[in-house]
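Encoded as structure tokens, the structure appears first; notes follow it.
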């Protein structure tokens with residue numbers, strides 16, 4: 001599938017949005033403007049794709065929005081998966097700290113988080129349990145980099161595994177707006193793979209769905 005091209009101008013019906021903060025907030029109606037992509041995160045993505053030659057996969061709430069799930073809350077954080085090595089992570093960190101002086105880097109259980117002086121955050125997961133060939137089927141183009149979009153069902157499974165209140169709220173939103181289009185068999189399979197099949201059934205039942 002070809003890559004969809006994105007404009008990072010944050011345009012809303014032909015108008016320029018005023019700032020990253022306004023761009024990060026959810027619109028009054030779904031999908032009226034393209035999501036704001038912080039320039040620091042775009043620089044990091046370009047480095048990973050074009051310098052390190054590694055694929056980048058968008059995960060988290062943005063991955064849902066990019067696949068036409070209606071926008072209902074804003075975010076300026078970018079959540080990615082990329083199979084970079086520890087040495088490549090260190091190379092990326094050195095590059096970002098030089099490019100954006102004051103950038104903080106944190107090693108976390110899932111991978112690495114970069115907090116930029118602008119307060120934008122980039123989280124890079126270096127390992128995921130759910131990857132399969134379907135992750136490489138769909139992609140978008142942001143500036144000069146291609147970013148791959150895992151299936152929505154896999155993003156839901158990852159949010160079930162995280163289990164935070166905002167993740168469960170996101171899942172309910174997806175169910176309410178996109179239930180008919182979900183691949184239920186894949187969703188069950190992926191939820192079971194991360195040990196969250198019972199949680200999946202519970203969340204679905206809480207808003208009147210059965211799976």
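Rundown of residues vs (1) at pLDDT 95 or above; (2) outside the structural domain of residue 115 (by TED's automatic domain parsing); (3) within 14 Å of the chain's Cα centre (by Cα); (4) surrounded by 20 or more Cβ atoms within 10 Å (Cβ to Cβ), yes/no style:
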| site | (1), (2), (3), (4) |
| --- | --- |
| 47 | yes, no, no, no |
| 68 | no, no, yes, no |
| 72 | no, no, no, no |
| 92 | yes, no, no, yes |
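Just the residues that are part of a loop (DSSP other than H, G, I, E, B) and either closer than 11 Å to residue 44 by Cβ or modelled with pLDDT of 95 or more (or both), please, taken from the range 97-117. Selection gives 100, 101, 102, 103, 116, 117. Remark: residue 153 matches the filter, which requires a residue to be surrounded by 14 or more Cβ atoms within 10 Å (Cβ to Cβ), over 19 Å from residue 75 (Cβ atoms) and in contact (Cβ under 8 Å) with a residue 24 or more places away in the chain.
Taking the numbered list (1) at negative phi; (2) at pLDDT below 95; (3) out of contact with any helix residue (DSSP H, G or I) (no Cβ under 6 Å at 6 or more places or on another chain) in turn, residue 163 passes all entries but (1). Only one of the numbered conditions (1) part of a helix (DSSP H, G or I); (2) under 22 Å from residue 38 (Cβ atoms); (3) modelled with pLDDT under 95 is not met by residue 88, and that is (3). Of the listed requirements (1) assigned to a loop (DSSP other than H, G, I, E, B); (2) modelled with pLDDT under 85; (3) closer than 27 Å to residue 151 by Cβ, residue 53 misses just one: (2).
Evaluating residue 114 against the criteria (1) over 14 Å from the mean Cα position of the chain (by Cα); (2) surrounded by 17 or more Cβ atoms within 10 Å (Cβ to Cβ); (3) farther than 23 Å from residue 74 by Cα leaves one unmet condition, (3).
The values are calculated or read from the model by the stated rules, or taken from the named source; none is laboratory data. What you see is a predicted model; the values in this text were computed from it and never measured. Cβ sites come from the backbone with ideal geometry, for glycine too, and all protein chains shown count toward neighbours.
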